[in-house]
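Single-structure report; data block below.
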Amino acid sequence: MPVVTFLSDYGLSDDFVGVCHGVIARIAPQARLIDITHGIPRQDVRTGAVVLRRALEFMPAGVHVAVVDPGVGGERRAVALRCEGGEILVGPDNGLLAPAAERLGGVTDALDIGRSPLRLEPVSRTFHGRDIFAPVAARLATGSPWSEAGDTVDPGMLVTLDLPRPRVAQGAVVAHVLTVDGYGNVALDAVPADLDGSGLTPADPLSVNGRSARYARAFDDVDEGELVLYEDAFGALCVAVNRGSALATLGLHMDDEVVLAPMP
């Protein structure tokens, strides 16, 4: 059974997701379609890229469609990328696919599918999810030859995405806001091993941007309203407030620095 996964910023209040589902189902009725999320903040390529990279580790092998596309109808390319292990990514060439492709072993082959013979006709200037990405993904998932899906692109010419990286500085870890979930929990770009390099240990009293926090395994390990630093389900360090919002408590925004340091 072929698998197609789908991530977008379309939301669910419009018919965009349903129409893309319909296009895929008409072409590949036997395919299993998995929605990763359609709640990526509107036009937020960076968050879409991070969520896609994180989620694909848990998806079956297949063709993975991602659409966060503020440049739709403009000069950006529509692409299909084949990765080292055979996984295929389909979406805009605006950096959205780059972190996932890297995690999947890197791009071995790339195609410009903007004029693919596998697309729908006529092509809307503003709905490439329906007219290009969904049909090309469905055709590739059901065995259409790779060479017929588009024009070859040098993988070295694909758009990349620069993400901040954590660093150890004077006994502290300087991390950055990577994603925020619906509860206000803040995932950082640091992992527990980064604490080892700083000299911090889980037993140490610590501060998060100058506020007292505890390193714990779960939210209820601290009192209600207390800051907690923990390893989230995807292996990243995450800051939360038990029964509250770390995002609001700390006044953070995407890419802001978060300093994890010993309590003075």
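The values are calculated or read from the model by the stated rules, or taken from the named source; none is laboratory data. The structure displayed is predicted, hence computed values, not measured ones. So basically every Cβ, Gly included, is an ideal-geometry build from the backbone, and we count neighbours across all protein chains shown.
Please specify each residue of the range 61-72 satisfying the condition of being within 27 Å of Val191 (Cα to Cα) and surrounded by 15 or more Cβ atoms within 10 Å (Cβ to Cβ).
Initial filter on the range 61-72 (within 27 Å of Val191 (Cα to Cα)): 61, 64, 66, 68.
If the condition is that a residue be within 27 Å of Val191 (Cα to Cα) and surrounded by 15 or more Cβ atoms within 10 Å (Cβ to Cβ), then His64, Ala66, Val68 are the ones that fit.
Considering the range 211-231 alone, what residues qualify as being surrounded by fewer than 17 Cβ atoms within 10 Å (Cβ to Cβ) and closer than 15 Å to Val186 by Cβ?
Arg211, Glu231, listed by residue number.
Mind checking which residues of the range 35-65 are without any contact (Cβ under 8 Å) to a residue 24 or more places away in the chain and in contact with a Phe, Trp or Tyr (Cβ under 7 Å, 6 or more places away or on another chain)?
Step one: of the range 35-65, the residues without any contact (Cβ under 8 Å) to a residue 24 or more places away in the chain are 58.
The answer is none; no residue qualifies.
For the range 111-130, name all the residues that are assigned to a helix (DSSP H, G or I) and either hydroxyl-bearing (Ser, Thr, Tyr) or free of Cβ contacts under 8 Å to residues at least 40 places away in the same chain (or both).
none
Would you check which residues across the range 34-60 are buried (at least 19 other Cβ atoms within 10 Å of the Cβ) and touching a helix residue (DSSP H, G or I) at 6+ places or on another chain (Cβ under 8 Å) and list them?
Ile36, Ile40, Ala49, Val50, Leu52, Arg53, Leu56 - these are the residues of the range 34-60 that are buried (at least 19 other Cβ atoms within 10 Å of the Cβ) and touching a helix residue (DSSP H, G or I) at 6+ places or on another chain (Cβ under 8 Å).
From the list Leu118, Leu111, Leu97, which one is more than 17 Å from Leu163 (Cα to Cα), crowded, with 22+ Cβ neighbours inside 10 Å and outside the structural domain of His253 (by TED's automatic domain parsing)?
When all the criteria are applied, what remains is Leu111.
Which residues, counting only those in the range 1-33, are touching a strand residue (DSSP E or B) at 6+ places or on another chain (Cβ under 6 Å) and exposed (fewer than 15 other Cβ atoms within 10 Å of the Cβ)?
Within the range 1-33, Met1, Arg32 qualify.
Name every residue in the range 144-179 that is buried (at least 19 other Cβ atoms within 10 Å of the Cβ) and among the β-branched types (Val, Ile, Thr), in order of residue number.
Within the range 144-179, Val153, Val173, Val174, Val177, Thr179 qualify.
Name the single residue that is modelled with the lowest pLDDT among those in the range 192-210 being crowded, with 16+ Cβ neighbours inside 10 Å and under 30 Å from Gly48 (Cβ atoms).
Leu195
Among the residues of the range 160-177, write down those that are part of a loop (DSSP other than H, G, I, E, B) and either within 16 Å of the chain's Cα centre (by Cα) or closer than 21 Å to Pro99 by Cα (or both).
Thr160, Leu161, Asp162, Leu163, Pro164, Arg165, Pro166
Among the numbered criteria (1) buried (at least 16 other Cβ atoms within 10 Å of the Cβ); (2) over 25 Å from Val79 (Cα atoms); (3) of a type in the set (Ser, Thr, Tyr), which one does Tyr183 miss?
(1)
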